[in-house]
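Below is one structure, written out as structure tokens; comments come after it.
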Amino acid sequence: MNKVYLDHAATTPIRVEVYEKMVEYMAKDFANADSVHSLGRESANIVLACRDNIASIIGADSKEIYFTSGGTESDNWAIKGVAFANRDKGKHIITTKIEHPAVYNSCAFLEENGFDVTYLDVNEQGFVSSEDLIKAIREDTILISIMFANNEIGTIQDIKALASIAKERGIIFHTDAVQATGTIKYNVKDLGVDLLSISGHKFYGPKGIGILFIKEGTKIVPFVNGGEQERGRRGGTTPTSLIVGINEALTIADREIDDNNAHIYYLKQRLINGLKKEDIVVNGSLDKDKSLPGTVSITFNKTKPGIVLNNLDMCGICASAGSACTAASEKPSRTLLAIGLTEEDSKRSVRFSIGRNNTKEEIDYTISTLKDILIRVREG
Ligand code: PLP
């Protein structure tokens, strides 16, 4: 069997339709979208059309869509941009213990630069409680950042409820929707958020392109200083073909969302059921509506840290320990510790994230391979 790719939360393979469109535009619309000549204007019009379409998919206004280099930049801009623009009002920020490093480390950077940050706990399924959020709010709280869906355990927060707590108190609310976009249908106005981060490569689009939704009127300073691109708020020559790519990927993802989710969820349940008799723990929420359809974190009891993941790799199955972003470090997963796992258990956990191209046969192969691995590596 070819490689079995079960790491879609880390990145997804770009869709053929997407890169074909990108190549087409890369070749013919190479002109700088800020050039005043006719070719430049053509590029600018393409970007404008993409911006309009993306805005309509997420329920925003076209002028509230800002293109960035990816989820990490969108998160950095949202957090640092709001903090620096509003420091005359206060220096307190609230986030959670399970955020992606793009948010978590941006907050840590702000702590080193005179801001105070409260990192909210989550319960054993990974949910933030409204009561905890309300309790953490102070007179000088200027920003709340809570992720939409977690990249390791797939937990989906009730963003609408959490954002309304911020809104009632006039506090700016940001959500990292990098894992949610393309999988969960949402409307930014209905959610009530002020800022929302998106990354193209998580929904079969290109890497190196992201979006930050900034609600009109939100006080934020530019993060990338440069020319007048993105209405003077984010410098850098406009990457026309990447924008064409993210627009195409989001359009297709939005159109196929229900069918893809049904297929992916079926495969996830098949994987979990196939391993039911093994000594495992499924981390996070099993509630269909409160967790991403394809993401599942499993702790393999009585195994040495890392051994299951390594053996899977040797058998051609690509999964992750926690998230890809922390895989290079020996550190235990912050998210798994936050939901109550021990360090040891977090290191004997594997994240499987299923995608639209996975098949029943691949899942069955993964189940039988895991059973063989467990017979070989189980301790005691
Ligand atoms: N936020 C979350 C929840 C993610 O899962 C990721 C990527 O893994 C990011 C942010 C960073 O996105 P990017 O890879 O586009 O920088």
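Quick notes
- Candidates Ile144, Ile198 - the one that is buried (at least 24 other Cβ atoms within 10 Å of the Cβ) and over 16 Å from the mean Cα position of the chain (by Cα): Ile144
- Yes/no for Asp121 being open to solvent by 10 Å² or more (accessible area, probe 1.4 Å), farther than 26 Å from Lys185 by Cβ, more than 12 Å from the ligand (Cβ to nearest atom) and not small (Gly, Ala, Ser): yes
- Close contacts from region 1-14, counting a first residue that is basic (Lys, Arg) and a second that is buried (at least 20 other Cβ atoms within 10 Å of the Cβ), with Cβ to Cβ under 9 Å and a gap of 6+ residues or different chains, come to Lys3/Ile317.
- Verdict on Tyr265 being at pLDDT 95 or above, more than 20 Å from the chain's Cα centre (by Cα) and either within 25 Å of Phe127 (Cα to Cα) or not in a loop (DSSP other than H, G, I, E, B) (or both): no
- Screening Pro332, Pro305 for residues that are under 30 Å from Leu120 (Cβ atoms), without any contact (Cβ under 8 Å) to a residue 24 or more places away in the chain, out of contact with any Cys (no Cβ under 9 Å at 6 or more places or on another chain) and in a loop (DSSP other than H, G, I, E, B) leaves exactly one candidate, Pro332.
- Any hit, region 352-360, residues being open to solvent by 50 Å² or more (accessible area, probe 1.4 Å) and at pLDDT below 95: no
- Members of region 1-33 that are within 16 Å of the ligand (Cβ to nearest atom) and assigned to a loop (DSSP other than H, G, I, E, B): Leu6, His8, Ala9, Ala10, Thr11, Thr12, Pro13, Ile14
- Evaluating Lys63 against the criteria (1) within 8 Å of the ligand (Cβ to nearest atom); (2) closer than 14 Å to Asp194 by Cα leaves one unmet condition, (1).
- Members of region 68-82 found to be more than 12 Å from the ligand (Cβ to nearest atom) and open to solvent by 10 Å² or more (accessible area, probe 1.4 Å), listed by number: Lys80
- Taken over region 83-118, the criterion of being assigned to a helix (DSSP H, G or I), away from the ligand (no atom under 16 Å from the Cβ) and open to solvent by 10 Å² or more (accessible area, probe 1.4 Å) is satisfied by Phe84, Ala85, Glu111, Glu112.
- Residue-level check: of (1) surrounded by fewer than 17 Cβ atoms within 10 Å (Cβ to Cβ); (2) among the aliphatic types (A, V, I, L, M); (3) out of contact with any Ser or Thr (no Cβ under 7 Å at 6 or more places or on another chain); (4) outside any loop (DSSP other than H, G, I, E, B), Val36 misses just (4).
- Listed by first and then second residue, the pairs linking a residue in region 256-285 that is within 27 Å of Thr342 (Cβ to Cβ) to a residue that is open to solvent by 70 Å² or more (accessible area, probe 1.4 Å) and of a type outside the set (D, E, K, R), with Cβ atoms under 6 Å apart and 6 or more places separating them unless they lie on different chains, are Gly284/Gln125; Ser285/Gln125.
The values are calculated or read from the model by the stated rules, or taken from the named source; none is laboratory data. Only a predicted model underlies this, so the values are computations on that prediction, with no experimental measurement involved. Note that we place each Cβ from the backbone using ideal geometry, even for glycine, and neighbour counts take in every protein chain shown. Heads up: the accessible areas ignore ligands, DNA and RNA and are worked out on the full protein's heavy atoms, side chains in. Shrake-Rupley method; radii C 1.70, N 1.55, O 1.52, S 1.80 Å.
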